Amino acid sequence: MITNRQLFLSHLAQTTSFPLLLEIERAEGMYLYGENGEKVMDLISGIGVSNIGHRHPKVIQAIKKQADKYLHVMVYGEMVQSPQVKLVENLLRTLPKKLDNCYLVNSGSEAVEGALKLAKRFTGRAGLISCHNSYHGSTHGALSVCGNEELKKGYRPLLTDVKHITFGNGRDLSEISTNTAAIILETVQGEAGVMAASRYYFKQLRQRCDATGTLLILDEVQTGFGRTGKFWGFEHYDIVPDIVVCAKAMGGGMPIGAFIAPQHIMDVLKRKPILGHISTFGGHPVSAAAALANLNVLTESRLIEEVETKAELFKKYLRHPAILEIRNMGLLMAVEFKSFEIVKAVIDRAMEMGLLTDWFLFRNNALRLAPPLIISEAEIKSACGRLLAAVDDVLA
Ligand code: PMP
């Protein structure tokens, strides 16, 4: 008999070199359960998605309730759908007042596409700037602003008017000119292996954008919804962006994303005769209901306040001569080793020990740790003990 694993390998497009191949039976809280009795602690949250854990009961309840009422009814922005309205009302409360208009989409890449189009249309300019080693998504526009040449090989021509500058380098900000529609950057570079910039840098960035009329787009796809210890990553820097982009952890496990801007900017999308932005499924009512429940859990609990203490525990327990450095912004953590070979072997050994970890797209000698924010102190201790044992096994 042909197994699901064989069917997966033969017929589901393979784009990753090392698929994990765990056959999932169910998931709950911190754990994934396999068809063959495996129990795996998720230390990467499905790559930054399950911030409140897998299948949070409040999210499941909201999904069921909405599924009993209606699913898709009409393309985004035509009908008044209460899950969308309530979600946006609550989401905007987490943001500075000027960010008062939200366009709902389905993913991070789509949110980036919308933000880039909006900036070009509002400013009437074509120039875009992003940072080296940034990741913003896999569609053509989002790929164009990714700061990694390997990713783009084979897909050119992409958007041509794009410049890359070095994240955190104040001098490079002089590249922003009156021909620049927008600069897009992450609040801490995720796929680069958790690279932060200073408060002073972000202040300078805001000033340069104001001086040139350039829109500042912050990509919070990986950093939003509490991951860094604040609801939004940019709260660490005391600046207000012009457009915020989010997705991943927004839906509590369901697909949804958004680009958020002041109304006077967003309004250009409805100005005739040019068509605005269209999405059939954007803000799907079931995803929106799940996202609202997810948002309520995050804002009504102490999960975000506890992030920093939990991150400190990881740093306290994860001490090993082979660990060169631990970089983190809250519970987005990079554990640096000497080589990819060591990281890959640690990931494989940790998986055998029941821990799901990963590396970073542009920093493969760093181990990715980004657990659900619900992780307990006992689980942190147990995970770190097993990780250190995995490192010992690999180096033995
Ligand atoms: N921006 C950032 C910062 C991301 O980390 C990602 C996904 N890793 C994206 C955008 C793209 O999101 P999606 O995969 O949902 O399209």
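The values are calculated or read from the model by the stated rules, or taken from the named source; none is laboratory data. Please read all numbers here as calculations on a predicted model, not as lab measurements. Here Cβ is always computed from backbone atoms with ideal geometry, including for glycine, and neighbour counts include all displayed protein chains.
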Margin query: Among the listed residues P241, P273, P321, identify the single one that is over 21 Å from the mean Cα position of the chain (by Cα), at pLDDT 95 or above and in a loop (DSSP other than H, G, I, E, B).
Written below: P321
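Let's see how each residue does on (1) over 30 Å from G354 (Cβ atoms); (2) among the aromatic types (F, W, Y); (3) under 20 Å from the mean Cα position of the chain (by Cα):
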site: S45; (1), (2), (3): no, no, yes
site: V49; (1), (2), (3): no, no, yes
site: G53; (1), (2), (3): no, no, yes
site: K58; (1), (2), (3): no, no, no
site: K69; (1), (2), (3): yes, no, no
site: H72; (1), (2), (3): yes, no, no
site: Y76; (1), (2), (3): yes, yes, no
site: T94; (1), (2), (3): yes, no, yes
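Yes/no matrix, rows are residues, columns are (1) part of a strand (DSSP E or B); (2) on the phi > 0 side of the Ramachandran plot; (3) touching an Asp or Glu at 6+ places or on another chain (Cβ under 6 Å):
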| site | (1), (2), (3) |
| --- | --- |
| L216 | yes, no, yes |
| F225 | no, yes, no |
| F231 | no, no, no |
| I265 | no, no, no |
| G283 | no, yes, no |
| L292 | no, no, no |
| L298 | no, no, no |
| L303 | no, no, no |
| E308 | no, no, no |
Next item on the list: Kindly establish whether R206 is within 16 Å of the ligand (Cβ to nearest atom) and either exposed (fewer than 15 other Cβ atoms within 10 Å of the Cβ) or not β-branched (V, I, T) (or both).
Entry: no
Next item on the list: Considering (1) of a type in the set (V, I, T); (2) surrounded by 12 or more Cβ atoms within 10 Å (Cβ to Cβ); (3) more than 27 Å from V307 (Cβ to Cβ), say which one T3 fails and leave the rest.
Entry: (2)
Note to self: Could you tell me how many of the residues in the range 144-157 are closer than 17 Å to A181 by Cα and either among the hydrophobic types (A, V, I, L, M, F, W, C) or touching a residue at least 40 places away in the same chain (Cβ under 8 Å) (or both)?
What the structure shows: 2
Margin query: For the range 60-96, give me the residue count where each residue is surrounded by 19 or more Cβ atoms within 10 Å (Cβ to Cβ), part of a helix (DSSP H, G or I) and not aliphatic (A, V, I, L, M).
Written below: 3
Notebook entry, point to check: Does V73 count as of a type outside the set (D, E) and without any contact (Cβ under 8 Å) to a residue 12 or more places away in the chain?
Noted result: no
Check: In the range 352-370, is there at least one residue being assigned to a helix (DSSP H, G or I), aliphatic (A, V, I, L, M) and not assigned by TED's automatic domain parsing to the domain that holds I63?
Finding: no
Next item on the list: Out of the residues in the range 97-119 that are part of a loop (DSSP other than H, G, I, E, B) and within 16 Å of the ligand (Cβ to nearest atom), state the one that is surrounded by the fewest Cβ atoms within 10 Å (Cβ to Cβ).
Entry: S107
Check: Quick one: how many residues across the range 8-33 are under 29 Å from V59 (Cα atoms) and either in a strand (DSSP E or B) or over 21 Å from the mean Cα position of the chain (by Cα) (or both)?
Finding: 14
Next item on the list: Working only within the range 169-198, note down all residues that are within 16 Å of the ligand (Cβ to nearest atom), assigned to a loop (DSSP other than H, G, I, E, B) and either not aliphatic (A, V, I, L, M) or not assigned by TED's automatic domain parsing to the domain that holds T212 (or both).
Entry: T187, G190, E191, G193
Checklist line | Failed criterion for I260 (all others in (1) assigned by TED's automatic domain parsing to the domain that holds T94; (2) part of a loop (DSSP other than H, G, I, E, B); (3) touching an Asp or Glu at 6+ places or on another chain (Cβ under 9 Å); (4) at pLDDT 95 or above hold) | finding: (2)
Note to self: Condition first: under 15 Å from G48 (Cβ atoms) and small (G, A, S). Now tell me which residues in the range 367-396 satisfy that.
What the structure shows: A370
Notebook entry, point to check: Of all residues in the range 246-290, which are among the aliphatic types (A, V, I, L, M) and surrounded by fewer than 24 Cβ atoms within 10 Å (Cβ to Cβ)?
Noted result: M254, I265, M266, V268, L269, I274, L275, I278, V286
Notebook entry, point to check: Only one of T180, T187, T160 is surrounded by fewer than 15 Cβ atoms within 10 Å (Cβ to Cβ) and either under 30 Å from H284 (Cβ atoms) or among the polar types (S, T, N, Q) (or both); which?
Noted result: T160
Next item on the list: Please name all residue pairs, on different chains or six or more residues apart, with Cβ atoms under 7 Å, provided the first residue is in the range 35-52 and is touching a residue at least 12 places away in the same chain (Cβ under 8 Å) and the second residue is of a type in the set (V, I, T) and buried (at least 22 other Cβ atoms within 10 Å of the Cβ).
Entry: L43/T357; I44/T357
Check: Looking at the range 237-244, is at least one residue of a type in the set (D, E) and within 15 Å of the ligand (Cβ to nearest atom)?
Finding: no
